[in-house]
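Everything on this sheet refers to the single structure shown next.
Please treat every number below as a calculation from the coordinates, not as lab data. Being a predicted model, the structure only gives us computed values, none of them experimental. For neighbour counting, all protein chains shown are included, and Cβ atoms are generated from backbone atoms with ideal geometry for every residue, glycine included.
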Amino acid sequence: MSNKQKNSNAVDSNDGALSKWGILALAVGANIGSGLITMLPVAISETGHSVWLSFLIAIIVGSIIAIPCMMVCSAVVPPGGGYGMVAGTLGRTAGGIYSSLSVLNWLGSGIYAISLAQYINSLIPAANVKVTAFILMTTFFVLNLIGIRGVSRVQMLMTGLLITGIATFVIIGLPQTNFSLLFPASNPDFFAKGSKGVWKGFLLLMFGVGPQYGIFYARLAKNPKKTQPWVTRNQVLITSVAYVCMAFIAAGVLPVEQVAGKPLTYVAQAIMPIWLFIFFMISVPMMALSTTIISTYVICSEPIVAAVSDGWYWKGVTRQTKGGGYVYLMGIQYLLCIVPLILDWDMNMLGNTCLLTFAILDIVLYVALWVVPNKYPEAWSNRGWGRKLPDWVFYVAMIESFALKFLTVATSASSVKPYIIVITVLALMISIPYAIIKVRQGAIKERSIDQD
C-alpha cells in the first residue's frame, strides 16, 4: 500500500448518521455529566462558596476557546475527531502517536459510573458503590452495542429529561438559596480556600465545558461544517446557564461542609418534597451521568476507528454489530474502565487523571488546529462560520487555549499518583517508535480533512 494513498472516505456505515439535534444531545450530555454532576461536588471541596465564580470563569474561558473550534469545524471535516485533525494537519506519525495516547482517556472514563453509583448509594444505602458501578459499566457497554443511531435516540430522550430536571431544580432551589453567602461583600469566608482554591476549581470545571469535544462527532454528523459550529454554540449556551444556576444552589443552601465532595442529593433533599426529589434523582444525576457515559464511548472510540481505517491497528478491532456498535473496541474500553474500581481510586484521583490525560491530548489537538489555516488555505477562506473575523482573533484564542492546557497539566500532574505519570510517559515512549516504524513501512494512509 502506498504511503501517499489518500483516505478521505467514510470509515464505515456510521458516517453522517446523526442530525444536529442528535449531536447536540451527545455534546450537552457529555458536558453536564462531567462538569455539573461529577466535578461540581469536587470543585466545592476546593473552593467553598466561591464555586460559582470558578464556574463563571470556566464558562468565559470556554467560550473563548470555542471560537477557534467553531472556525475550524466549519472549514474542515476531521473523521476520527482529534485523530483525524492531527493526522490531517501534522502528518501520519503525529496522528499515530495521538491515537495511541488517546487510549489513556479510557482509564478515566470510569469516573462517571462511579459517580452515578455514589448517587444511587446516597438514595439506597444498601447499594454497594463498587458493585453498582460495575453493573452500570456493564449495562452501558451492552447499550452502546446497538449502534450510534439507536444510542442517539436514547440520548435525545435522556437529554430532554435531564434539561427538564435541571429546570425544576433551579426553579425550586433559587428562592431557597442564601445569596449572602455567595458574594465576598457579605461573606468574609467567600474565599475560604483562597485564590488557589478558585483556580483549582476552575481547572476541574473546565473539564465539563470542553467545546473542543464537538470535533469528535464530525464524522457522525449530517452536513458537519454547518452542524458543528451550531452544536458548539448551543452546547456552551445551555451548559453555561445550567452550571451557574446549579452552582448557586449547591453552595448556597446547606453549609458548605455538608456538600463538599458529596453528591447533590443532599441539597435536593433539603429543598424538595419526596416525590419531586425522586423525580430529580431520576432526571438529573442519573440522566446526566448516563448521557455522559454514552458520549464517552463515542468520544473514546472515534480516534481508534479512524486510525484502524488508516492502517494503524488490526481491522478486526472495529468489527461491528448489525446496528453499528464496535464489539471488540468497546469491550477493551469497558475493561479499562473497571481498572479504577479494582485499584480503588477516589474521585479526586480520578478527576485529576482525566484532567491530565485530556490536557495532554488537547495540547496536541490545539497544535493541529493552529496549523489548519496554513495547511488548508482554501477551506479556511471559505469556512462557514467566523469568516468575517480577522485571523488574529483565532490565534489569540489559540494562545489562551495553549496556556490553559499547559497550566492544567502542571496542576493535575501534582495531584495524581506517581504511577499515572509513569504510565503516561511509558505510553509516549512506546507510541513514538511504533508510529515511526509503521509510517516507514508504508502501511499508513495519508488523511485529508478538507473534503465536504
Glu378 versus Trp314: modelled label distance in nm, points set 7 Å from Cα along the beta carbon direction: 4.1
Tilt relative to the chain, helix 391-413 - C-alpha long axis, 0 to 90 degrees, to 10: 70
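Can you give the relative contact order of the chain as a percent, counting alpha carbon pairs under 8 Å and 6+ residues apart?
38
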In order through the stretch 271-284: 3J(HN,Hα) via Karplus (6.51 cos²θ - 1.76 cosθ + 1.60), integer Hz, x for Gly, Pro: 10, 10, x, 4, 5, 6, 4, 4, 4, 4, 4, 6, 7, 9
Full-stretch length increase - Lys322, Ile282 - with 0.36 nm per residue and alpha-carbon distance subtracted: 11.4 nm
Cβ charges +1 (Lys, Arg) and -1 (Asp, Glu), total dipole of the chain, debye: 1040
Sorted by Cβ density within 10 Å, fewest first, the residues Trp275, Trp106: Trp275, Trp106
Unsatisfied cross-links (Cα-Cα over 18 Å) in the set Lys225/Lys388; Lys20/Lys225; Lys200/Lys405; Lys20/Lys226; Lys20/Lys388: Lys20/Lys388
Test item: Cα-centred dipole of the stretch 199-284, Lys/Arg +1 and Asp/Glu -1 on Cβ, debye: 560
Value of relative contact order over the stretch 297-415, rounded to a whole percent, pairs C-alpha under 8 Å and six or more apart: 24
Inter-label distance for Asn223 and Leu428, nm, one decimal - labels placed 7 Å from Cα along Cα-to-Cβ: 4.2
Order of Glu46, Glu446, Glu400 under a 10 Å beta carbon neighbour criterion, fewest first: Glu400, Glu446, Glu46
Simple spin-label estimate for Ile171 and Trp392 in nanometres, 7 Å along Cα-Cβ: 4.8
Calculated Cα Rg over 2.2 N^0.38 Å (choose from (1) 0.94; (2) 1.48; (3) 0.99), label: (1)
Farthest toward positive dipole pole in the chain [+1 Lys/Arg, -1 Asp/Glu at C-beta], among Gly165, Leu181, Val86: Val86
Fully extended contour minus Cα-Cα distance, from Asn178 to Glu400, at 0.36 nm per residue: 76.5 nm
Cross-link partners of Lys438 among lysines (Cα-Cα below 18 Å; sequence separation of 8 or more within a chain): Lys4, Lys6, Lys315
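Suppose R0 equals 25 Å; then what is the FRET efficiency for Tyr266 and Val131 from their Cβ-Cβ distance, rounded to the nearest 0.05?
0.65
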For Cys337, Cys300, Cys69, Cys245, order by how many other beta-carbon atoms lie within 10 Å, fewest first: Cys245, Cys300, Cys69, Cys337
Average Cα contact separation per residue, the stretch 198-288, under 8 Å, 6 or more apart, as relative contact order %: 16
Cα-based radius of gyration of the stretch 242-386 once divided by 2.2 N^0.38 Å, which approximates compact folds: 1.44
Nearest-ten-degree value, helix 129-144 long axis tilted from longest Cα axis of the chain: 40
